[in-house]
Amino acid sequence: MTSISEQLFNALGVMIMGMGLVFIFLSILIVGIKIVARLCESENQSAVAHAPTPAAASATTLDPKLVAAITSAIHQYRAKD
């Protein structure tokens, strides 16, 4: 039978090995996420460059008949309850 000091030494070795593996895995995960973020950042910047500006979106007006129909539908829906 092994002594308690040998068992504690083995337990300490297993603990250090486990914590080291977790540290290495998390470090690799963080580096991978940063790489993916940089790759996606360039794609997002090109998508933002092609997005319509808010001024162009506000320049288009809604048809008054459409607004009246939507308003009427909302009032009818609320009147049901």
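Where a number appears in this text, it was derived from the coordinates with a stated rule and is not lab data. Not measured: the values here are computed from a predicted model.
Between V31 and V67, the contour length at 0.36 nm per residue exceeds the alpha carbon distance by 7.9 nm. Given their separation in residues at 0.36 nm each and the Cα-Cα distance between them, K80 and M17 gain 16.0 nm when the chain is fully extended.
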